[in-house]
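Below is one structure, written out as structure tokens; the observations come after it.
Quick note: the coordinates plus some simple rules give every number you see, no bench work behind them. The structure presented is a predicted model; accordingly, all values stated were derived computationally and were not measured. Every residue, glycine as well, gets a Cβ built from its backbone with ideal geometry; the counts of neighbours run over all protein chains shown.
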Amino acid sequence: MSNLSATIEPTGHAAPASEDAMDTVTRTGSETLSMNKAINAALADVLAENPRALVLGEDVGQLGGVFRITDGLQKRFGAERVFDTPLAESGILGMSVGLAMAGYHPIPEVQFDGFTYPAINQIVTQMARMNFRTRGALPMPITLRIPSFGGIQSPELHSESLEYIFAHVAGLKVVSPSSPHQAYHLMRHAATRPDPVVFMEPKSRYWQKDTVDFDDPGTLEGSVVVRPGRHLTLVAWGGMVARCLQVAELAAEDGIDVEVLDLRWLKPIDAAGLAASVSKTRRAVVVHEAPRSAGLGAEVAQTITEACFGTLKAPVERVTGFDVPFPSGSLEAEYLPNIDRILYGIQRVLEYQRG
Amino acid sequence: MSNLSATIEPTGHAAPASEDAMDTVTRTGSETLSMNKAINAALADVLAENPRALVLGEDVGQLGGVFRITDGLQKRFGAERVFDTPLAESGILGMSVGLAMAGYHPIPEVQFDGFTYPAINQIVTQMARMNFRTRGALPMPITLRIPSFGGIQSPELHSESLEYIFAHVAGLKVVSPSSPHQAYHLMRHAATRPDPVVFMEPKSRYWQKDTVDFDDPGTLEGSVVVRPGRHLTLVAWGGMVARCLQVAELAAEDGIDVEVLDLRWLKPIDAAGLAASVSKTRRAVVVHEAPRSAGLGAEVAQTITEACFGTLKAPVERVTGFDVPFPSGSLEAEYLPNIDRILYGIQRVLEYQRG
Amino acid sequence: MTEAPRLEPHSTALPADELVELYRLMTKVRHLDTSAIAWQRQGILPGYAPMQGQEAAQVGSVRAMDTGRDFVFPTYREMGAALAAGVDMPEFMATHKATWNGGLYDATKYRFTPIQTVIAGSALHAVGWGHGQRLDAIREGRPETDLPTALIFLGDGASSQGDIHEAMNFAGIFKTPVVFFVQNNGWAISVPTEQQVAGGSVAARGAGYGIPAIKLDGNDVEAVVRGTRAAVEHARSGKGPAIVEAMTYRRGPHSTSDDPGRYRTLEDERRDAGADPIESLRDRLLADGTLDADAVTAIQAEAADFEEATRLAVQAQGPRPGAEMFEYVYQEQTEALKQQATQWREESEHV
Amino acid sequence: MTEAPRLEPHSTALPADELVELYRLMTKVRHLDTSAIAWQRQGILPGYAPMQGQEAAQVGSVRAMDTGRDFVFPTYREMGAALAAGVDMPEFMATHKATWNGGLYDATKYRFTPIQTVIAGSALHAVGWGHGQRLDAIREGRPETDLPTALIFLGDGASSQGDIHEAMNFAGIFKTPVVFFVQNNGWAISVPTEQQVAGGSVAARGAGYGIPAIKLDGNDVEAVVRGTRAAVEHARSGKGPAIVEAMTYRRGPHSTSDDPGRYRTLEDERRDAGADPIESLRDRLLADGTLDADAVTAIQAEAADFEEATRLAVQAQGPRPGAEMFEYVYQEQTEALKQQATQWREESEHV
Ligand SMILES: Cc1ncc(C[n+]2csc(CCOP(=O)(O)OP(=O)(O)O)c2C)c(N)n1
Ligand SMILES: Cc1ncc(C[n+]2csc(CCOP(=O)(O)OP(=O)(O)O)c2C)c(N)n1
Ligand SMILES: [Mg+2]
Ligand SMILES: [Mg+2]
């Protein structure tokens, strides 16, 4: 059950927009929400609290976004604060950089992962570097939302995993929630940071409902162990966390006690969290949707190996997408790490013999 | 001493352009060349052999490129085959995709690494995928030249290492030469392939002279051991290979026999070559200019670990750029892996004790 | 500064038999488009991007091309153009069936590039391809006055992308034989053209590049054919690119997962859609006696048969073998990828 | 379709004292520019991007702004603009000294963004910042008729980039208070404007976006000031963006590592450069008696003093401590980065 303070009840009118004083948002208790609703609630709260927070992008206004993540926000906060842009991603990101320079906190949306590419120049050479270039004079409090990853049989370039770029770029921070609870709290956290955060929303989890506890966000930094276990650590993020939890259930039937670690922050990576888990389990498999070569799994595996080399029982295994373009919907299940392939990966680690 | 067959002697006139028959290019013997001259020679030979090869980019025509890599080519092959474009990298790459569709083999230049970002959309979503999307009907024989990496105290965004993107993208192949000999032969190889190859030229080596043996290209695929050694493998590419060779000389004075492996192909990575070297030395350090997090060093390290886990004496060490934007020239030496830092890395590996 | 020449519609009116042929094609297109929406509801297709209202624009523009040597660069909404270009429809629908991204058809055979999901992604390809036609002529010593020409489809929304600007500028500089064919259908998903196109008209951008442009009624197939013919004539003759802006209306939802009720009313649609391109052509052909009611019925029956045959083929279309994921990445496959294919077979097909 | 209003130069002629002030500034700029080339040869600066010939364009356009509330978005060649905006010159030169990319000056203090190496990279920032000024007015309940305005510098070469198109279109749609100030100096490194700008004029692009534009003699500082004032007036009053195309000439090499002899002759330069903006202003002020020879000498001496002081400060400028690499990446530094900073200190400073 959720208790919303009167100030954030949807009114159908634009919120008073003329003062910088912050509304206090108090959601208490807990509520069962889908992830898309949870992000929507977080955005509403962020907009209510910070009159300089803005939402912009293609179709985010009246339509509420193609995934309805911004549903109702324009109606409530006005077309000045929640607005559609022309169809140009470089424009959206470049404009966000300028709005940040003017003291705003833009929350741009790129409609689908694959359409971030036209904006990469503004993201990498401008948004990520402006604080550095200006020696802190022009910080970039920008929260870039990207519906990400596959799993819903989308058309071409609607299922990409872009962490391979973001996680490497100095000046960015990158986070991906795996549950409605995480999504709500990580969005509120990200959207109040003074640095640019790329917020990668796992599309395949948008409609999954779960409890959001408004009173206890839990830790907001680093990774979280979402299932403790003794024999092996499965590391995943975004939509793959749920799949790894399924795998852990199945493995348990065979007496294999799998720990599932939700990495959450893809930049910076929680090296301590990884080390803590794997120094206990002494075996790890990292799972991601992106192609294997030079994917973030390599960084995760190497981070683990650096910390746990002396105690690791087997090399860290990677179960990932193949080194092919993300295929059409009918081949998606062949491409994405599925339960079988993850179980094979676990088996390889468990059966590993030093050669 | 080089013997050029008459057909490729610069004449100042456009080559006969009306037939598809190939000129045979025969350079024999060997010659001392700087890398920029070696690439220039390779491009000339490619243009002479294949009337459908084209060179395009900003200032590649009359100026011969800001690094003179295309010097003289317009004069010799005509302004139809070697031409300046307007100042737009997405345009250059998008146009190259279309030229490839029309049966040409474009060799576009992006003037500096950092200005590849505006073209990333065309590179990743179009050039790399067109063969896949069309089930092989529209292959993309495009050789994308990018003066890359740091080391010459350039202005901002003129010193970037972009392999973190290219090495992950299915459909691309990526190579970086470390010597004039490699540069000549790898360019001739790359520019005759039916698939897109990103050719990353280490700017800091452009003016270094060395022998190019025209008769014996050596192997063109995979990595090469440029200095054999017994105690430890240093893995590098581009400008860092020369630095690692220096380090190996210094280490030898302390009785440490370092093998230096020039990775060359950054996609696909030569897993077998890495395994062969490290299964012998049982210790490895990977060196690159790019920031450490999610850099290609992670893939190299993990590839080694997967192959050699049982025999490795220490976790693979990474000596890399820091997780900061490539800084101004006066700080470049602080940022790039220098001899000291690589020696420290070697030391850590040699002194490693299982915890 | 070059003054952009004005582009006038081609002077020759269309003969009656050509109009009938266009009516036949547009009727087929409408049938198939309406059916594809139904197929999505029936679970035959996971999704579809309807093009109702744009039949005249798509069929008419392709009609103006020489499909034997020109090349068409579509977006994701060009079913009508594909059909007019002769593309195999089940192979085209393969994209919407999620069988193969881009479609299963051979792009070189139909001279019709694969379906493009990246807005504005193909415009520069057309410019490069067109430049290749110029280079071919030069290499072969032909005069550059009868060039194969590229037809670039783009929407009002796409006009906002940087790539469209770069394509227009490159085409202007290189005098490339391309026609930018803008279907201004009033909307980019939920965003109306007024909030998209500063200045209000994509055709009006032409002058700034020295590119002649024509704005025409995209619901009138004869206007589309004649306008596009003029543009093609200009481009083909070596004078450089041309722009056609066909004013039309996206009568359906953006895609089968869109809900237009959120951003426009039925009243808006009735007011803004203009004449139905097919009904108005039919009425004209009936009025001037070119067709009678029986002929119209026959044409519609033919379209229904075609729709039925297409549906059967689409339904019969099975998924592609997973091995193709590995096969088409490169012309020269890598060892690393071969190994992944092997692992995939072992783990997924248990071979 | 909106008709783009024509932009006429501001009606008020510049008073004599303002012209003298401009002459003084331009003389300083010329001195410093010429010196910086020499400094590069002497090894004081590793590189420099000369702007000789563009003094009137840069000084004149900044003069038209209200530097207390407007904001300037330069490229890498705007030393003259920076000086006119009051930016500390040694801090500006820090970019060319390779001390800090972007310069050491405080961008917010001088309302002058850092030096931008990405061609066209800043245009959209200006649009975003300008949109912020509109939002400020709305939030504060002020009418949108007296808005802080952004000045965007771009070159003829930059006009080819997609970002410029997106910036113009966004600015047109959002009626953003920005002035696109194009220094058309004839060249983008080795590529002349004719091979760069299809249609021949960047100002001519304005009409396609409904943006008023003016093309003026960029070597005539009064023309620049009055043209830019008109543009700023338009933008400031809430009517939306404006474009100024200042026709000028890059008299020097592209940069100190360029060799213009490879792509243009001295004859070309003599023929195309037009009037020297400083000499012609001096002649005018001497001719109408505003200045006499002594005053000119005094102004030049003042410029020489300024140059000397700047040189000393640039020479004295030491490298920044390496620790700053780690300090400025984020506002909230990460633990991982702190650890890297520690490792750097240990290994590089042996601490
Ligand atoms: C680069 C890119 N950005 C965003 C999208 C998502 N998207 C698909 S269609 C569309 C609207 C396109 O509008 P328009 O160009 O007018 O074509 P129409 O849909 O009207 O045919 C959008 C935003 C995309 N496919 N590609
Ligand atoms: C995105 C990008 N591409 C290429 C370059 C390399 N480059 C630097 S200056 C320049 C020419 C710029 O011409 P113009 O815009 O006319 O400005 P000008 O140099 O004449 O001041 C080029 C190609 C760059 N800095 N950024
Ligand atoms: Mg549209
Ligand atoms: Mg210029």
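Please report, for C:Gly261, the nm distances (one decimal) from its label point, 7 Å out from Cα along the beta-carbon direction, to the equivalent points in the remaining copies, shortest first.
Relative to the other copies, C:Gly261 has label-point distances of 7.6 nm.
Could you calculate the contour length gain from A:Asp257 to A:Ala79, that is, 0.36 nm times the residue separation minus the distance between their Cα atoms, to one decimal place in nm?
58.9 nm
I'd like to know how chain B sits against the 2.2 N^0.38 Å rule of thumb: what's its Cα Rg over that expected value?
1.00
With a bin width of 10 angstrom, please list the P(r) values of segment D:229-351 as percents of all Cα-Cα pairs, from the 0 bin to the one holding the largest distance.
For segment D:229-351, the pair-distance distribution reads 9, 15, 19, 26, 18, 11, 2.
What distance in nm lies between label points placed 7 Å from Cα along the C-beta direction at D:Glu21 and C:Arg69?
The answer from the label model is 6.6 nm.
Would you work out which of D:Phe174, D:Ala287, D:Ala57 lies farthest towards the positive end of the dipole of chain D? Charges go on Cβ: Lys and Arg +1, Asp and Glu -1.
D:Phe174
To the nearest 10 degrees, how steeply does helix B:296-308 sit against the main Cα axis of chain B, on a 0 to 90 scale?
In chain B, helix B:296-308 runs at an angle near 60 degrees to the longest axis.
Once amide H atoms are placed 1.01 Å from N in the peptide plane, what residues at a sequence separation of 5 or more from D:Asn185, or on another chain, have their amide H within under 5 Å of its amide H?
Excluding prolines and chain starts, which carry no amide H, the hits are D:Asp156, D:Thr248.
Which angle between 0 and 90 degrees, to the nearest 10, do you get for helix A:35-49 versus the longest principal axis of chain A when only C-alpha atoms count?
40 degrees
Using a simple charge model, +1 on the beta-carbon of Lys and Arg, -1 on the beta-carbon of Asp and Glu, nothing else, what dipole does chain D show about its Cα centre, in debye to the nearest 20?
Magnitude of the dipole: close to 620 debye.
What is the mean number of Cβ atoms from other protein chains located within 10 Å of the Cβ atom of each residue in peptide A:261-269, rounded to a whole number?
What the average comes to for A:261-269 is 2.
Around C:Pro15, with a cut-off of 14 angstrom between Cβ atoms, what is the net charge of the other residues, counting Lys and Arg +1 and Asp and Glu -1?
Taking every other residue near C:Pro15 into account, the sum is -1.
Mind giving me the FRET efficiency for D:Glu233 and B:Trp207? R0 is 51 Å, r the Cβ-Cβ distance, nearest 0.05 is fine.
Plugging the Cβ-Cβ distance into 1/(1 + (r/R0)^6) gives 0.45.
Looking at chain C, identify the longest residue range that excludes and avoids all trypsin sites (Lys or Arg not before Pro) in DSSP loops having at most 14 other Cβ atoms within 10 Å.
C:70-351
Rounded if a/c is under 1.5, else prolate if a/b beats b/c, else oblate: with a ≥ b ≥ c from the C-alpha gyration tensor eigenvalues square-rooted, which is segment A:148-225?
Taking the square roots of the gyration eigenvalues as a ≥ b ≥ c, segment A:148-225 is oblate.
Any idea what the dipole of the protein assembly as shown comes to, in debye rounded to 20, about its Cα centre with Lys/Arg Cβ at +1 and Asp/Glu Cβ at -1?
Here the size comes out at about 1440 debye.
Say the cut-off is 22 Å between C-alpha atoms; which of C:Lys215/D:Lys215; C:Lys109/C:Lys215; A:Lys173/A:Lys203; A:Lys173/D:Lys175; A:Lys280/A:Lys313 go over it?
Over 22 Å Cα-Cα: C:Lys215/D:Lys215; C:Lys109/C:Lys215; A:Lys173/D:Lys175.
Using the Kyte-Doolittle scale, which helices in chain C average at least 0.0 and also have C-alpha atoms spread 27 Å or more along the helix axis, with helices defined as whole DSSP H runs?
Working: long enough: C:16-41 (38 Å, -0.27); C:293-316 (35 Å, 0.22).
The answer, listed by residue number, is C:293-316.
Mind checking which aspartates and glutamates have their C-alpha under 15 Å from C:Lys97, skipping anything on the same chain fewer than 8 residues away?
Those aspartates and glutamates meeting the cut-off are A:Glu156, A:Glu332, C:Asp33, C:Asp88.
Closest approach to the C-D rotation axis by any Cβ of C: residue and distance in angstrom?
Looking at chain C's Cβ atoms against the axis toward D, the nearest is C:Gly162, 1.
Kindly provide log₁₀ I(q)/I(0) values, in the same order as q = 0.13 Å⁻¹, from the Debye equation applied to equal alpha-carbon scatterers of chain D.
-1.03
Show me, for segment D:271-276, the HN-Hα J-couplings you get by feeding each phi into the Karplus relation (A = 6.51, B = -1.76, C = 1.60, θ = phi - 60°), rounded to Hz, glycine and proline as x.
Each residue of segment D:271-276 in turn: 5, 9, 5, x, 5, 6 Hz.
Using only the Cα atoms of the protein assembly as shown, build the gyration tensor, take square roots of its eigenvalues as a ≥ b ≥ c, and label the shape rounded, prolate or oblate: rounded if a/c is under 1.5, else prolate if a/b is larger than b/c, else oblate.
Rounded, since a/c falls under 1.5.
What's the Cα-based Rg to Rh of segment C:158-275, Rh via Kirkwood?
Expressed as Rg/Rh, it is 1.01.
Please give me, ordered by residue number, the chymotrypsin sites (Phe, Trp or Tyr not before Pro) of segment A:279-355 that lie in loop per DSSP and have at most 16 other Cβ atoms within 10 Å.
Answer in residue order: A:Tyr352.
I need the inter-copy label distances for A:Gly29: point set 7 Å along Cα to C-beta, values in nm with one decimal, smallest first.
Label point to label point, same position, other copies: 9.1 nm.
I need the GluC sites (Glu not before Pro) found in segment B:74-131, filtered to DSSP loop residues with at most 15 other beta carbons within 10 Å of theirs.
B:Glu80
Among D:Leu151, D:Trp187, D:Ala198, flag the residue with its Cα farthest along the positive direction of the charge dipole of chain D, charges on Cβ as +1 for Lys/Arg and -1 for Asp/Glu.
Going by the charge dipole, the pick is D:Ala198.
Output, in nm with one decimal and in ascending order, the distances from the A:Ala272 label point to the matching label points of the other copies (7 Å from Cα along Cα-to-Cβ).
4.5
Let me check I've understood the local charge: for D:Arg142, count other residues with C-beta under 13 angstrom from its C-beta, Lys and Arg +1, Asp and Glu -1. What total comes out?
Numbers: positive: D:Arg69, D:Arg134, D:Arg139, D:Arg236; negative: D:Asp136, D:Glu140, D:Glu144, D:Asp146.
Neighbour charge sum, excluding D:Arg142 itself: 0.
Among A:Ser176, A:Ser277, A:Ser154, whose mean-square fluctuation peaks in a Gaussian network model of chain A (Cα, cutoff 10 Å)?
Taking springs between Cα atoms under 10 Å, the residue moving most is A:Ser154.
Helix A:240-253 versus the longest principal axis of chain A: what angle, 0 to 90°, nearest 10, using Cα atoms?
30 degrees
If R0 is 22 Å, what FRET efficiency do you get for D:Ser280 and D:Glu194 from their C-beta distance, rounded to 0.05?
Result of the calculation: an efficiency of 0.30.
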